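Following: one structure in structure tokens, then a few remarks.
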Ligand code: SAH
């Protein structure tokens with residue numbers, strides 16, 4: 001079972017779901033293999049960006065930031081690659097800024113950075129630090145960021161716009177008004193994220209974003225997992241463990257945007273707040289748990305692994321809708337039972353998850369030299385079958 005995040009005294013219990021950090025005490029680090037696999041292709045994009053970003057004057061530190069770091073384990077490979085990439089070009093100190101919500105598991109983050117054998121720390125003149133504030137605000141000094149990274153984070157909404165009456169995942173709700181409210185919230189959050197990053201980014205800098213995307217059918221993917229979660233919540237209500245009004249509030253404040261929604265702020269001119277899209281593609285990532293099940297035939301492990309991913313990612317947020325504090329015996333019992341039920345449902349009927357992901361590279365407009373190196377939006381991007389691809 002995942003350890004639960006402690007209650008936040010300032011959060012009103014049971015009002016509606018709030019976006020909370022991932023499960024604490026290293027639980028996200030232990031239950032984020034799917035995310036680690038999914039972000040891997042974007043590491044090459046980050047390496048390419050590290051090779052071309054404009055570097056500050058040698059008297060200034062290079063700043064690399066990681067937006068939505070959680071416990072940090074999945075940051076080590078990309079941030080390590082970014083450090084190596086810029087280090088090949090410059091010797092000055094590198095500040096690495098890991099950011100997340102204030103209640104994030106920052107102690108796990110720092111222990112991971114200091115002790116994990118895959119940490120980037122052995123590299124010289126690297127100075128990690130953390131910021132606990134929502135990335136929907138400006139977090140860094142204007143024009144200070146050299147290279148940014150954000151994986152699996154910007155799909156979490158600043159706040160849910162409404163309860164989801166009939167599912168945990170809004171894209172599977174039959175309620176069109178709720179789906180539309182979430183799409184609007186996601187659109188305005190994406191604009192806030194981009195606007196804040198744009199202020200922070202130096203001319204000629206890059207930002208690489210990996211984010212859950214809408215699938216070809218417009219859904220968020222992972223259907224067996226989300227259906228199992230909703231069926232389990234309904235079962236808990238039936239058994240009298242959970243109140244119906246709690247179940248209705250337990251929708252995920254999470255939205256998977258389509259390519260068109262991701263590109264929307266950039267409009268026809270291909271620019272937003274001084275940022276241009278250099279690369280935008282969606283793909284379906286590998287369900288490693290399914291592959292493992294194919295070779296072992298162990299359905300229980302398949303169910304338990306996916307339930308662990310869901311618990312580590314979603315439970316702290318879902319718990320904020322309970323009418324009991326998240327770490328109270330009642331809440332812990334409900335969430336433990338939910339995890340067991342989700343695992344059992346998935347084990348009873350294992351199905352490969354679809355894992356739609358978008359990779360995005362954004363460039364902050366720089367001087368003429370940088371423009372020549374990076375090309376413009378129109379030179380390098382063309383729209384093919386609804387996807388933006390480098391031409
Ligand atoms: N980057 C890691 C962790 C992703 S988990 C990886 O690739 O595996 C998503 C993270 O985004 C969580 O730690 C969550 O707390 C954080 N997050 C969600 N909303 C946020 C916000 N508004 N500001 C900062 N971080 C946020």
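Could you pull out every one of the helices (runs of 4 or more DSSP H) wholly within the stretch 232-296 that has 1 or more residues that are more than 30 Å from residue 336 (Cα to Cα) and in contact with a strand residue (DSSP E or B) (Cβ under 8 Å, 6 or more places away or on another chain)?
Qualifying helices (runs of 4 or more DSSP H): 259-263.
Among (1) in a helix (DSSP H, G or I); (2) under 26 Å from residue 260 (Cβ atoms); (3) modelled with pLDDT of 95 or more, there is one condition residue 309 misses while meeting the rest; what is its number?
Every listed condition holds for residue 309 apart from (2).
I'd like the full set of residues that are within 12 Å of the ligand (Cβ to nearest atom) and in a helix (DSSP H, G or I), limited to the stretch 105-125. So that I can check it myself, show each step before the final result.
The first filter runs over the stretch 105-125 and keeps only residues within 12 Å of the ligand (Cβ to nearest atom), leaving 105-106, 108-109, 112.
106, 108, 109, 112 - these are the residues of the stretch 105-125 that are within 12 Å of the ligand (Cβ to nearest atom) and in a helix (DSSP H, G or I).
Taking residue 102 as the residue in question, decide whether it is at pLDDT 90 or above, surrounded by fewer than 17 Cβ atoms within 10 Å (Cβ to Cβ) and near the ligand (Cβ under 10 Å from one of its atoms).
Against the criterion (at pLDDT 90 or above, surrounded by fewer than 17 Cβ atoms within 10 Å (Cβ to Cβ) and near the ligand (Cβ under 10 Å from one of its atoms)), residue 102 qualifies.
Has the stretch 144-154 got at least one residue that is outside any loop (DSSP other than H, G, I, E, B), closer than 26 Å to residue 320 by Cα and within 13 Å of the ligand (Cβ to nearest atom)?
At the first step, the residues of the stretch 144-154 found to be outside any loop (DSSP other than H, G, I, E, B) are 145-151.
Now drop any that are not closer than 26 Å to residue 320 by Cα, which leaves 150-151.
Those left that are additionally within 13 Å of the ligand (Cβ to nearest atom): 150-151.
Yes, the stretch 144-154 has at least one match.
For residues that are more than 10 Å from the ligand (Cβ to nearest atom) and in contact with a helix residue (DSSP H, G or I) (Cβ under 8 Å, 6 or more places away or on another chain), tally how many sit in the stretch 52-72.
Total satisfying the criteria: 7.
Do we find a residue being surrounded by fewer than 20 Cβ atoms within 10 Å (Cβ to Cβ), modelled with pLDDT under 95 and in a strand (DSSP E or B) anywhere in the stretch 372-381?
Scanning the stretch 372-381, I find no residue that is surrounded by fewer than 20 Cβ atoms within 10 Å (Cβ to Cβ), modelled with pLDDT under 95 and in a strand (DSSP E or B), so the answer is no.
Looking at 27, 49, 81, which one is within 14 Å of the ligand (Cβ to nearest atom) and either touching a residue at least 40 places away in the same chain (Cβ under 8 Å) or crowded, with 23+ Cβ neighbours inside 10 Å (or both)?
27
Within the stretch 289-322, can you find the residues that are surrounded by fewer than 16 Cβ atoms within 10 Å (Cβ to Cβ) and either within 17 Å of the chain's Cα centre (by Cα) or more than 23 Å from residue 232 (Cβ to Cβ) (or both)?
291, 294, 295, 296, 297
Of the numbered conditions (1) within 16 Å of the ligand (Cβ to nearest atom); (2) assigned to a helix (DSSP H, G or I); (3) under 18 Å from the mean Cα position of the chain (by Cα), residue 171 satisfies every one except a single condition; which is it?
Only one criterion is unmet by residue 171, namely (1).
Do you know which residues across the stretch 75-104 are part of a loop (DSSP other than H, G, I, E, B) and more than 27 Å from residue 20 (Cα to Cα)? Break it down stepwise before answering.
Just the residues of the stretch 75-104 that are part of a loop (DSSP other than H, G, I, E, B), to begin with: 88-93, 101-104.
88, 89, 90, 91, 92, 93, listed by residue number.
Among the residues that make up the stretch 350-367, is at least one of them surrounded by 19 or more Cβ atoms within 10 Å (Cβ to Cβ), outside any helix (DSSP H, G or I), over 24 Å from the mean Cα position of the chain (by Cα) and at pLDDT 95 or above?
So far as the stretch 350-367 goes, yes, one or more of its residues are surrounded by 19 or more Cβ atoms within 10 Å (Cβ to Cβ), outside any helix (DSSP H, G or I), over 24 Å from the mean Cα position of the chain (by Cα) and at pLDDT 95 or above.
Residues to consider are 75, 158, 134; find the one that is within 11 Å of the ligand (Cβ to nearest atom), at pLDDT 95 or above, under 15 Å from residue 208 (Cβ atoms) and within 16 Å of the chain's Cα centre (by Cα).
After ruling out the rest, the residue left standing is 75.
The values are calculated or read from the model by the stated rules, or taken from the named source; none is laboratory data. The structure presented is a predicted model; accordingly, all values stated were derived computationally and were not measured. Cβ: placed from backbone, ideal geometry, glycine included. Neighbour counts: every protein chain shown.
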